[in-house]
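What follows is a single structure, written as structure tokens, with notes after it.
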Amino acid sequence: MRGIRVGRPARSVRQVLAVAATAGALSACAGVGTPPAHLMPLPQETVALLGKKHMEAQAPIFIRIYKEESELEVWKMRDDGRFYHLKTFPICNWSGQLGPKLREGDRQSPEGFYTIAKEQMNPNSQYYLAFNLGYPNPFDKSNRRTGDALMVHGGCGSSGCYAMTDALMEELYALVREAFNGGQTVVHVHAFPFRMNSQNMVSHAKSEWQGFWRTLKEGYDYFELTRQVPTVAVCNRRYVVNVRMSSGDPTKIDPAAACPTFLRPAPSPFTPRPAGRYVRFITWFSTAGENATSPGRARVETRLSAEGTAAVAARNQGVGERASSHAYRAYGAAIKPTATICNSSRNAVSCRMYFACRPRSAAIPASRIAHRMTGSLN
């Protein structure tokens, strides 16, 4: 699987804490202005959900689209290398009928296996925010399908795109952005006509696209079995799912040429990780002069792995550690996390994260933000 990197458990704790801290840092530095839409932080509810589901905000992401149900699923990779469901967004609108896009102007929303690279993110879309699905992909081109600029975007109007509304697109854009910031190079998007279970396949058995959909179902079933994104090649003008070559990259072969000899790796079925003990954190943010242990301008609750927080505490006990600052560049100020200090006891973990908030406007006095976290095992 290309473009995916698995993070370490200790890194997971730091990154989830950092993203959770973003909301408080923004509130405490409210005087520096609201960031532009493409740099808005994740909603506090989403940050809390990530913590509850033991996910990193910057972990690899996978997206599945279902036309008939008008739903878009977001999946996040955990440190076992498997994807877990984060949330499902309602799609406000898509256009055309069930079936793939064939030509420019047919107003069909695409179906197939697509990929998004960082340069396909569009912060200046006329539909608020957008990312390009990558249509036409090698399969589409080899079948002489035409059209371009097929997007997932804001608003609720569609002429071949998937419209999400501005509010949901802002959140979805932030989730994809954070995955790119975490090092993912390619985000896979699988666009299906419907949830490809046996019942739906029977219901649509008379469709002219039944043969095409059977191939899409191979990708759907592979992910359902393994919670891993299958390698998809294109050759002989068709998709080939779950393949490997003894030498070379199967995704780089000539899509119009005859298929080479492929290896078919045995799928590794998904086994859910057992639930462990987790730490429930209550976080406060306060500016200089305020008591950092009292409720401040923001309060966030989340749950993180007890084992992971213990590892962070053991390594950082009494020692300041630099934290990544990329998540804090958006707010019209140099908001920089300067140190994180954690201490642990038998049943509790306490962390304090400091931020230096230096507004670019000389009219706004600089302040120092203290971020305190305490937690107990439950």
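Nothing in this text is a laboratory measurement; each read-out follows from the coordinates by a stated rule. On a predicted model such as this, the values are computed, not experimentally measured, just so you know. Backbone-built Cβ (ideal geometry, glycine too); neighbour counts: all protein chains shown.
So how far, in whole Å, is the C-alpha centre of the stretch 40-89 from the one of the stretch 232-270?
Answer, in whole Å: 28.
Work out how much length Ser198 to Asp148 would gain on full extension: take 0.36 nm times their residue separation and subtract the Cα-Cα distance, in nm to one decimal. Please report the intermediate quantities before stating the final value.
On the way: separation 50, 0.36 × 50 = 18.00 nm, distance 3.22 nm.
The span from Ser198 to Asp148 would gain 14.8 nm if fully extended.
Residue separation times 0.36 nm, minus the C-alpha to C-alpha distance between His85 and Gln126: what's the value? Intermediate results must be reported in sequence, preceding the final value.
Values: separation 41, 0.36 × 41 = 14.76 nm, distance 3.00 nm.
That pair, His85 and Gln126, stretches by 11.8 nm at full extension.
If you rank Ser109, Ser198 by fewest surrounding Cβ atoms within 10 Å, what's the result? Let's see the in-between values first.
Details: Ser109 29, Ser198 8.
Arranged by neighbour count, lowest to highest, Ser109, Ser198 become Ser198, Ser109.
For each of Trp209, Trp94, count neighbouring Cβ atoms within 10 Å of the residue's Cβ, then give the residues from fewest to most.
Details: Trp209 15, Trp94 22.
With the fewest neighbours first, Trp209, Trp94 line up as Trp209, Trp94.
At 7 Å along Cα-to-Cβ for each site, give me the label-to-label distance between Lys206 and Cys156 in nm.
In this crude label model, Lys206 to Cys156 measures out at 3.3 nm.
Run the numbers for Ala167 and Leu225: contour at 0.36 nm per residue of separation, minus the present Cα-Cα distance, in nm. Walk me through the numbers on the way to the answer.
On the way: separation 58, 0.36 × 58 = 20.88 nm, distance 3.26 nm.
Contour length minus Cα-Cα distance gives 17.6 nm.
Rounded to the nearest 0.05, what FRET efficiency is calculated for Asp254 and Lys52 with R0 set to 56 Å and r the Cβ-Cβ distance? Each step should come with its number before you reach the end.
Details: r = 46 Å, r/R0 = 0.82.
According to the calculation, E is roughly 0.75.
If the cut-off is a Cα-Cα distance under 17 Å, which aspartates and glutamates reach Lys52, setting aside same-chain residues fewer than 8 apart in sequence?
Lys52 reaches Asp79, Asp80, Glu301, Glu307.
Report, ordered by chain and residue number, the lysines lying within cross-link reach of Lys217, taken as a straight Cα distance under 23 Å and ignoring same-chain residues fewer than 8 apart.
Straight-distance partners of Lys217: Lys67, Lys76, Lys87, Lys101, Lys141, Lys206, Lys252.
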